[in-house]
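Below is one structure, written out as structure tokens, with a few remarks after it.
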Amino acid sequence: MVQIHRMNKAIKLHDKYFTHYIGSDKIQQATRSLVQQVYNDLGDEEIPIFIGILNGSFMFAADFIREYPANCEISFVKLASYEGANSSGKVNELVGLTEDLTDKTVVILEDIIDTGNTLAKIYDIFETLPIKQLKLATLFFKPDVFKKALHIDYIGLSIPDKFIVGYGLDYDGLGRNLKDIYQIKSKNMKNIVLFGPPGAGKGTQATLLKDHYNLVHISTGDVFRYNIKNKTDLGMLAKSFMDVGDLVPDEVTINMLKEEVQKNLEAVGIIFDGYPRTISQAKALDECLLAKGEQIKAMIALEAPEDELVNRILERGKTSGRSDDQNENKIRNRFNEYHTKTAILKDYYEAQGKYFGVNGLGGIDDITDRLKEVFDKL
Ligand code: AMP
């Protein structure tokens, strides 16, 4: 089942992906504020006729008039344009306007105004009608692309020039039913797998890269430790495996990872640290990202000899508070897990032309520079 109303979930309409942008609470708040402003200007005496411009404004118009505290009328029109018989080109016409608007206060309700082209056409048409006064309220406004010297009386929310859908607005017919507003995903994420055996410095480097490139860092080890600390069901499940340096079962890890990815789909990119550790995990990650129109751009591996790493981990164990860092048998078991289940992932990504090995020995900054060099080329 497609869960199109869940926040943070990227939604797919035709060929494009959209991410959550403005929640219905904020929309309702903006609508109430517009209603208040219009009512303040018109008062109880004036009985306005609100005219929604179809199709986009139907939800906004419905919510707007539901809030309007005085008598009013409501009607809807559609702007149709067709080739005229003469040389003047396109002719614009309002379809559906059956009311007599003579001497009436007309308030146009628009869902969104961007370039102002539609607005100009609407103004042209209403100027020819014998109405008392014309006002215009728009829920969304894009100041960066508005090119006309036309007056807009009431603006709900000013937004940057991003293509949006939801709450009546569509992408080629779809998306009007969404309660919230979603924005188009124009840039793809720069997702990387930071790879290497235990103790290679993945966590340290991930933190530095994250800060430098404004990425999100997902460390499955950290997520497990957080859950153990907070005694969640997931934590209790993972603890017995982690305590001895075994991998947590794929099913558990994969579900948890998917939830973490789901929360971060608006990020510039994600650094996966400690995931994937098995081929099944790598495949699940690929599937999960593909469903969002994303992918792993590269696996960047920190390469270092095992003996050096065991010493590093024992050293870290003195301060990390991690029991699996303090016992050489547990550490060796982690390496065993790495060699038997995880190391093969190099082949998995290499086959896709995505593997980049980096020398993991030396100063922290030097290693970061090596990683950045690879990342910058992605
Ligand atoms: P780390 O902090 O990455 O060294 O992970 C510590 C421990 O968490 C590992 O030894 C595993 O028990 C567990 N763990 C972390 N990530 C994974 C994963 N992707 N798959 C299975 N177990 C994991």
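Read-outs throughout are calculated quantities, based only on the coordinates presented, and are distinct from any laboratory measurement. Source: prediction; values computed, not measured. A quick note on method: Cβ atoms are made from the backbone with ideal geometry, for glycine too, and the neighbour counts reach across all protein chains shown.
In terms of surrounding Cβ atoms within a 10 Å radius of their Cβ, Leu178, Leu194, Leu42 rank from fewest to most as Leu42, Leu178, Leu194. Residues in segment 223-229 carry Karplus couplings, in order, of 5, 4, 4, 4, 5, 5, 4 Hz; the curve used is 6.51 cos²θ - 1.76 cosθ + 1.60 with θ = phi - 60°, and Gly or Pro positions show x. Taking the chain as a Gaussian network of alpha-carbon nodes connected by springs under 10 Å, the highest mean-square fluctuation of the residues Lys147, Lys239, Lys185 belongs to Lys147.
How big is the gap, in Å, between the Cα center of segment 19-35 and the Cα center of segment 145-200? That distance is 15 Å.
Using the Cβ of Ile254 as centre and a radius below 12 Å, the other residues enclosed give a net charge of -3, where K and R count +1 and D and E count -1. Across segment 91-131, Cα-Cα pairs farther apart than 11 Å form 73% of the total.
For Phe50, the residues whose amide H sits under 5 Å from its own are Glu73, Ile74, Ser75, Val107, ignoring neighbours fewer than 5 places away on the same chain, with H placed 1.01 Å from N. The Cα trace of segment 191-285 gives Rg and Dmax of 13.0, 36 Å, the first to one decimal, the second as a whole number.
Could you compute the net charge surrounding Asp100? Neighbours are other residues with a C-beta less than 13 Å from the C-beta of Asp100; K and R count +1, D and E count -1.
Every neighbour counted, the sum reads -1.
What is the sum of charges around Ala70, taking Lys and Arg as +1, Asp and Glu as -1, for the other residues whose C-beta is under 10 Å from the C-beta of Ala70? Walk me through the intermediate numbers first.
On the way: positive: none; negative: Asp44, Glu45, Glu46.
That works out to -3.
Over the chain, calculate the relative contact order: mean separation of alpha carbon pairs under 8 Å at least 6 apart, over the residue count, as a percent. In percent, rounded to a whole number, it is 15. For segment 191-203, putting each phi into the Karplus relation 6.51 cos²θ - 1.76 cosθ + 1.60 with θ = phi - 60° gives couplings of 9, 10, 9, 8, 10, x, x, x, x, 6, x, 4, x Hz, in residue order, rounded to whole numbers and with x for Gly and Pro. Computed over the chain, the alpha-carbon pair-distance distribution with 20 angstrom bins reads 24, 38, 24, 13, 1, each value a whole percent.
Checking a compactness column here: for segment 235-376, what do you get for Rg(Cα) / (2.2 N^0.38 Å), N being the number of residues? It would help to have the intermediate numbers written out before the result.
On the way: Rg = 16.0 Å, N = 142, 2.2 N^0.38 = 14.5 Å.
This ratio for segment 235-376 stands at 1.11.
Compared with the direct C-alpha span, the chain from His212 to Ser323 gains 36.9 nm at full extension, assuming 0.36 nm per residue. When the chain is treated as a GNM with alpha-carbon contacts under 10 Å, the residue of Pro48, Pro69, Pro197 showing the greatest mean-square fluctuation is Pro69. Computed 3J(HN,Hα) for segment 109-118, one whole-Hz value per residue from the Karplus formula 6.51 cos²θ - 1.76 cosθ + 1.60 where θ = phi - 60°, is 10, 10, 6, 8, 10, 10, 5, x, 4, 5, glycine and proline marked x. In this rough spin-label picture, where each label sits 7 Å from Cα along the Cβ direction, the Lys147-Phe163 distance is 1.8 nm. Take the Cα of Glu127, step 7 Å toward its Cβ, do the same at Ala70, and the gap between the two points is 2.8 nm.
Compute for segment 134-251: radius of gyration divided by Kirkwood radius, i.e. Rg/Rh, restricted to C-alpha atoms, rounded to two decimals. Walk me through the intermediate numbers first.
Working: Rg = 23.6 Å, Rh = 19.4 Å.
Value, to two decimals: 1.22.
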